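The values are calculated or read from the model by the stated rules, or taken from the named source; none is laboratory data. Computed from a predicted structure; not experimentally measured. As a convention, Cβ positions derive from the backbone with ideal geometry for all residues, glycine included, and neighbour counts pool all protein chains shown.
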Amino acid sequence: MMKAKLETLCRLNGIACRIGGSTLLRHHGLVETANDLDVFVEPDQFERLDNVLRRAGEKLDSTPHPDYMTTYFGEYVFEGVDIDVMASFRMKCTDGIYTHPFMEPQDGWMRLEEWVVLYTVMGRAEKVDLLHDYFQTVPLDETVIQTCLKRAPASIVESVTTRFRDLMKR
């Protein structure tokens, strides 16, 4: 599995990484296939991982989306898998800029609750719906969502709390 290979590369190079996105959704059985591997690292480790992935695979030229303000972003192909690496994820919203906080991974994985907020910020309603359905039967860690929303623009706070109101504070 690509996650294990990437984690090995990171570990051998002293890089702490967290895996999210569709690979995380697949890991939890929410989707059958992952589009790519989304990797979050701390800003001081981005350059190291960039160098590792350039040597192990191929770095792609990427045109930044005007709404994404992520400090460090790189797209790579490693053994046929598309890998997006981010540090300091930031995105423009209608009423401000969302900055994603660092949260400790669980066995290398980001938390699904982080992606409730991230997919809301990205406007990926179908993924937000998948997560809402998932949390109907699995406990939602509201503290993770609250941490992600601490400095979020009001529109994002309102959108997440409105959509997940029925699952929070039960």
Fill in the blank from the handout: For the range 82-99, pairs from a residue that is without any contact (Cβ under 8 Å) to a residue 40 or more places away in the chain to a residue that is of a type in the set (D, E), with Cβ under 7 Å and 6 or more apart or across chains, are M91/D67; K92/D67
Exercise for the section: Can you work out which of the residues in the range 35-64 that are touching a strand residue (DSSP E or B) at 6+ places or on another chain (Cβ under 9 Å) and part of a loop (DSSP other than H, G, I, E, B) is modelled with the lowest pLDDT? Expected result: P64
Problem - Candidates E104, E42, E113 - the one that is among the charged types (D, E, K, R), under 22 Å from L24 (Cα atoms) and buried (at least 16 other Cβ atoms within 10 Å of the Cβ) - result: E113
Exercise for the section: Scan the range 129-142 and give yes if some residue there is on the phi < 0 side of the Ramachandran plot and within 13 Å of the chain's Cα centre (by Cα), otherwise no. Expected result: no
Problem - helices (runs of 4 or more DSSP H) wholly inside the range 106-170 that include at least 3 residues being over 19 Å from F40 (Cα atoms) - result: 125-134, 142-149, 154-163
